[in-house]
Amino acid sequence: MVDQSLRAYLRRWGVWLRLVQSLAWSAWGLAAGLTLALTLALAARLQPLLLPAPLSAASLSLAAVGTGLGLLAAWLRPRSRHRLARTLDRSLVLAERLTTALEIETGRLIAPPAMARAQHADTLSAAARIDVRTALPLRLPHRALLASAALAAALAATLLLPNPQDAILRQQQAVQAAVEEQIEALEAAQEEIAATEALTEEERAALLQALEEAIQALEEGRADPEDAIAALSEAEQTLSALQDPAAAELAAGLEQAAESLADSDLTEALAEALAGGDYQTAAQELAAFAGDQGEALTPEEMLELADELAQAAQAVAESNPDLAEQLSQAAQAIRDGDIAAAREAIAQAAAQMGAAGELVEQQEAIEDTLAALQEGREEIAAAGGGQSPNPGSAGGQQSGSGQTAGQPGGGQQSGSGPGESGHNEDAGSGAPYDEIYVPERIKDEGVAVDVGGAGNDDGLPGDDTPLPVPIGGTASTPYQDVYAEYAAEAQAALEGSYIPLGMKQYVRDYFTSLEPE
């Protein structure tokens, strides 16, 4: 057994030794943590890893972890009595007294009893003369402090100096946020499409599949704006194939019919339903005139209904000839007194109005989804610091239609000359267009004018005399001559572009207003 006095010395000095070591090791742990933090900060200047705030927090955490690990290592490191005795012998300059006494007491070293007692007494006597706090003072190692100070200064400079990777990181975060927002928007669009009754099962399945593929693509490439934009563009192109150009005309025709029906109390409910886009309710209101509601009408009200139906037929004549024909037949049958034929025609017109409304609602759902995809593509492109690439038929041609729309205006302004009205139209301002100078054409009267120069048969000068500088602003190509070409290009772009359903008629009206008189 180890002598209790010797054990007390070992226990008391061992605790103090751990305290001294913990102070020194924590200082070196701080230096190690600062080294890791500086390495991370330098790496963050080469690659987009962390923004300044989280990078500073990570650096402080590494320094704190290094300090804490050094502190804990001194207390948690396992140490036997023999190792402790050897360490104290070296630290306190006891000339191996503690180690020898411990080995004799434990039987690892065989010595005569007299010699053992003498060695033990000498060890206790030497131990009693030692003040361990003086022999092993608490102090921080100077080299660790200098290293930590140098590392901290380098780390502070690295964190405070502008980092070119910060802009890239902020852009990536903006793209990430935009992608997350678009995923939520597409999931909401999925719920709306699933609840839309106007869609056929095939259309609903196509829409849901396109949105699901877009969501999966966004989730797979969250931080890459090019991949996200490509995914949305691909979904746009898939949905663009489901567009029906006739739906816009149908919607415009039904809106015009609502305006024509709104001036009568008989058809006010029908007009309100049409104007509000509730086409199935509108069809039911119209069908009611073929039943009990029609039977309750007076002869004067029947004639008024005929007039309203005739006006509605004119409003939808171009967009839905079949509906217009049924409305016209119903109006004529009422005027002729053929109530049975009128009821049958009204019932047919109501069915066709409901079918037209279903087509419009289907296209509205498709175009709302396209609008969400297009908006998401533009937001992700803006977050990525670039411009959204043209997705082909979905988004790319829309800009082309805008250019086509601007060409007539540009032709008018570039062709200014005598006879102008003296005012210009800013694009999209709605101000009147400049009157175009159109020179009078010489028919049979007048004399021939030679505009060629003296020289060869081509009318060009025969020598090296330079051609005179043309005088601009005195003539222009007649507007009537260029309008047809521009109108054809505009119509092609309009039919092939993704334009929200409610806006196509405004675009058509715009080009119609440009037609020469």
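Checked against the criterion of being part of a helix (DSSP H, G or I), acidic (Asp, Glu) and under 30 Å from Glu236 (Cβ atoms), the candidates Glu364, Glu308 yield just one match: Glu364. Residues in segment 255-288 that are under 41 Å from the mean Cα position of the chain (by Cα) and part of a loop (DSSP other than H, G, I, E, B): Gly276, Gly277, Asp278. Annotation note: of Gly385, Gly376, Gly411, the sole residue that is at pLDDT below 65, out of contact with any strand residue (DSSP E or B) (no Cβ under 9 Å at 6 or more places or on another chain), farther than 24 Å from Ala198 by Cα and among the small types (Gly, Ala, Ser) is Gly411.
Taken over segment 319-347, the criterion of being at pLDDT 90 or above and in a loop (DSSP other than H, G, I, E, B) is satisfied by no residue. Screening Ala231, Ala235, Ala195, Ala210 for residues that are surrounded by fewer than 17 Cβ atoms within 10 Å (Cβ to Cβ), among the small types (Gly, Ala, Ser), farther than 30 Å from Ala306 by Cβ and outside the structural domain of Leu305 (by TED's automatic domain parsing) leaves exactly one candidate, Ala195. Of all residues in segment 58-94, those that are in a helix (DSSP H, G or I) and under 57 Å from the mean Cα position of the chain (by Cα) total 19. Restricting attention to segment 172-222, the residues being in a helix (DSSP H, G or I), farther than 22 Å from Val360 by Cβ, free of Cβ contacts under 8 Å to residues at least 60 places away in the same chain and of a type in the set (D, E, K, R) number 7.
Kindly evaluate Ala241 against the criterion of being at pLDDT below 80, farther than 26 Å from Ala324 by Cβ and surrounded by 18 or more Cβ atoms within 10 Å (Cβ to Cβ). Answer is no for this residue.
Of the residues that sit in segment 89-120 and are among the polar types (S, T, N, Q) and free of Cβ contacts under 8 Å to residues at least 60 places away in the same chain, which one is surrounded by the most Cβ atoms within 10 Å (Cβ to Cβ)? Out of the qualifying residues, it is Thr99.
Within segment 149-171, restricting attention to residues that are touching a residue at least 60 places away in the same chain (Cβ under 8 Å) and of a type outside the set (A, V, I, L, M, F, W, C), the residue that is farthest from Leu62 (Cα to Cα) is Gln171.
Residue by residue, here is whether (1) closer than 30 Å to Leu159 by Cα; (2) touching a His at 6+ places or on another chain (Cβ under 8 Å) holds:
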site	(1), (2)
Trp25	yes, no
Trp28	yes, no
Ala41	yes, no
Leu71	yes, no
Leu88	no, no
Ser91	no, no
Thr100	no, no
Ile104	no, yes
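Residues of segment 223-254 that are of a type outside the set (Asp, Glu), within 17 Å of the chain's Cα centre (by Cα) and outside any loop (DSSP other than H, G, I, E, B): Pro225, Ala228, Ile229, Ala230, Ala231, Leu232, Ser233, Ala235. As a summary of the residue check, Pro162 satisfies the conditions (1) in a helix (DSSP H, G or I); (2) within 60 Å of the chain's Cα centre (by Cα); (3) surrounded by fewer than 18 Cβ atoms within 10 Å (Cβ to Cβ); (4) at pLDDT 90 or above except for the one numbered (1).
The values are calculated or read from the model by the stated rules, or taken from the named source; none is laboratory data. Model, not experiment: these values are computed from the prediction. Ideal geometry is used to build each Cβ from the backbone, glycine not excepted, and the neighbour counts take in all protein chains shown.
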